[in-house]
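Since the structure comes first, as structure tokens, the remarks are kept for the end.
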Amino acid sequence: MANTNVTADTSKVLTLEQAEELLRPIDEHVGEIQAQIDALRRDGSDQVTSLRSELQMTKESKTLSSEEKKAIRTKDKPLLQAAKQVESQNKAEISRLITEAEAYLAEHYDKDYLDRVKESAEQEKILAAQKYQETVADLTSKNEKRIAELKREASSASGDAKTKIKQEIKDESYVFKNKLFDAKMTYQKDLQAIKDKVHDAFVHEYHLIDLLRKSRFTFKQNQAQKRELSRYTFSRKQFLLQNGLYIVIICVFIILSIIAPIVKNTQLFTLANLLNILQQASPRMFLALGVAGLILLTGTDLSIGRMVGMGMVISTIVMHKGPNTGTVFGKAFDLTGLSLPARAVMALLLCILFCTIFTSIAGFFAARFKMHPFICTMANMLIIFGLVTYATKGVSFGAIENTIPQTVIPKLGGRFPTIILWAVAAIAIVWFIWNKTRFGKYLYAVGGNAEAASVSGISVFWVTMGAFMMAGVLYGFGAWLECNRMIGSGSAAYGQGWDMDAIAACVVGGVSFTGGIGKISGVVVGVLIFTALTYSLTILGIDTNLQFVFEGIIILAAVTLDSLKYVQKK
């Protein structure tokens, strides 16, 4: 609310007629230039656009005969060439006129009109606040006076009369609250009307520019409009709902970076530590990108961690340093006869194959029998862990050939881990699939409303299967990269808890369990947040069990905010 000690200067408040009078010379001057531009365009660019449209419609027409189409093309093509010539001749003059008009607007629009509207708006806000406070004071005074009268009557009354007066006091309080609420709504409506005036004044300048440029704004003009739209639509409540969790997490990291030098005598966010965080986050990025597609469909995947363990075992067996010391169903493998590149590719393909098979099985039950992904992926989790543990007796298979990680994920300059580039590539590819392909559009449609998507002709079954299969490919890739990062050490137990990390990263990143809502950028941020938090707490020597507490609190906060956004949307 505005400061009541500030007095409004009513002389600076513009009436509608005064605002129109300020704007009139600007509109007239720019209008004159616009008329010249329109005249130059009439036989040039406007004619080009019209003829091109006619030729395109002729080409696509199903009712015109070949002879009729040929006649239209024969007639229009010479006209089009002539119009293009006129367009070319007038181009320089049109550009000069646009520059002249924009220079005039730059010199006069803000100074002669927009700044005056803004100044008027500030005074109107003060008047609106004073009016609101006067209304509240008047309502409060009347309410207190009426309540006092009723209390005096109650003190001398008895029995039913006293009970009736007490009810009147309650009714009066209820009416008073409603009147206060109405006054507040009126005040907010007045503020919005003032805000609309300033916005409309800003938009009018770009309406003039739009006519001059035929919507071909410059980069600077586009950015100015985006900034104004952000200012106009900004809501503190919505901003906190959207970004409150990130703000808190940033504050937590700031506090941790202050504590680290004091407690551990070390800087937390050095270049080396940041690269380590990105390196650890890279394989997890694949997992989060995979499960994000399932969450987008209101699903989930509890088997991620076990698939990582399975992928680690497969990769270590294929890329093992020398003959395998462990066995699979009692058989030891020796693949040293194959070249190292062949073994690396073979390990990757097998990881993707097995992970995709299992995710496809879960996807089939979810899509065909409408089984909740929680159930079918939990079954997957148990089956995978049971099979891999039984087959390998739960033993670790040791290290892989050192040359393979050095080739697949070398460190550039001895410092920069190229595993990060694999993650960047995955992010780019999944972003493209989500945002630029038909499958991506179907993914959002099915997640938002499966029944409506089905009515629209979208195959919900194949979209669901596609999401699960894509998740399997990403899981396999992530497990293979993790094996290279860790130089082997594959065992069935590896990856325990990674499913929760991947799901939590998606939730924190804004991928909603309500379906159809989420961005790749959010998934990336979520993975980085959790990886950085775990890494930071480890450096500070925080017990692993307490780290789970931190993660749990963040997840609760993220889901709570997501639920609040969903409730508001409804």
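The values are calculated or read from the model by the stated rules, or taken from the named source; none is laboratory data. Note that this is a predicted model, so its numbers are computed, not measured. Positions of Cβ are backbone-derived with ideal geometry, glycine not excepted, and every protein chain shown enters the neighbour counts.
Here are the numbers for this structure:
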| read-out | value |
| --- | --- |
| Residue among ALA452, ALA425, ALA493, ALA391 that is surrounded by fewer than 17 Cβ atoms within 10 Å (Cβ to Cβ), modelled with pLDDT under 95, under 25 Å from ARG343 (Cα atoms) and aliphatic (A, V, I, L, M) | ALA493 |
| Extreme residue, farthest from GLY472 (Cα to Cα), among residues of the range 391-443 that are among the hydroxyl-bearing types (Ser, Thr, Tyr) and touching a helix residue (DSSP H, G or I) at 6+ places or on another chain (Cβ under 7 Å) | THR403 |
| Looking only at the range 305-362, and only at residues there that are of a type in the set (Val, Ile, Thr) and free of Cβ contacts under 8 Å to residues at least 24 places away in the same chain, the one that is nearest to GLY398 (Cα to Cα) | THR336 |
| Every residue from the range 353-383 that is within 14 Å of GLY309 (Cα to Cα) and buried (at least 21 other Cβ atoms within 10 Å of the Cβ) | PHE354, CYS355, PHE358, ASN380 |
| GLY495 vs. criteria assigned by TED's automatic domain parsing to the domain that holds VAL446, farther than 26 Å from ASN435 by Cβ and not aromatic (Phe, Trp, Tyr) | yes |
| Filter pass, ASN265 being part of a loop (DSSP other than H, G, I, E, B) and either over 29 Å from SER95 (Cβ atoms) or not polar (S, T, N, Q) (or both) | yes |
| Number of the exception - TYR187 against (1) surrounded by 12 or more Cβ atoms within 10 Å (Cβ to Cβ); (2) hydroxyl-bearing (Ser, Thr, Tyr); (3) more than 30 Å from LEU23 (Cα to Cα) | (3) |
| Of all residues making up the range 304-353, the number that are in contact with a Lys or Arg (Cβ under 7 Å, 6 or more places away or on another chain) and of a type in the set (Val, Ile, Thr) | 1 |
| Scan of the range 503-559 for residues that are small (Gly, Ala, Ser) and either within 20 Å of GLN279 (Cα to Cα) or touching a Phe, Trp or Tyr at 6+ places or on another chain (Cβ under 8 Å) (or both), ordered by number | ALA504, ALA505, GLY509, SER512, GLY516, SER521, GLY522, GLY526, ALA532, SER536 |
| Any hit, the range 197-213, residues being closer than 19 Å to ARG116 by Cα, assigned to a helix (DSSP H, G or I) and under 27 Å from the mean Cα position of the chain (by Cα) | yes |
| Answer from VAL527, VAL508, VAL559, VAL549 - the residue that is at pLDDT 90 or above and aliphatic (A, V, I, L, M) | VAL527 |
| Unique match (being aliphatic (A, V, I, L, M), assigned to a helix (DSSP H, G or I) and touching a strand residue (DSSP E or B) at 6+ places or on another chain (Cβ under 8 Å)) among LEU256, LEU289, LEU275 | LEU275 |
| Single unsatisfied condition, THR325 versus (1) part of a loop (DSSP other than H, G, I, E, B); (2) at pLDDT 90 or above; (3) more than 34 Å from the chain's Cα centre (by Cα) | (2) |
| Filtered residues of the range 51-72 (kept if small (Gly, Ala, Ser) and either in a helix (DSSP H, G or I) or more than 47 Å from the chain's Cα centre (by Cα) (or both)) | SER53, SER65, SER66, ALA71 |
| Count of residues meeting criterion [part of a helix (DSSP H, G or I), of a type in the set (Ser, Thr, Tyr) and out of contact with any Cys (no Cβ under 9 Å at 6 or more places or on another chain)] in the range 464-506 | 1 |
| Qualifying positions in the range 195-243 - among the small types (Gly, Ala, Ser) and either surrounded by 14 or more Cβ atoms within 10 Å (Cβ to Cβ) or at positive phi (or both) | ALA201, SER215, ALA224 |
| Test: residue in the range 532-543 that is part of a loop (DSSP other than H, G, I, E, B) and among the small types (Gly, Ala, Ser) | yes |
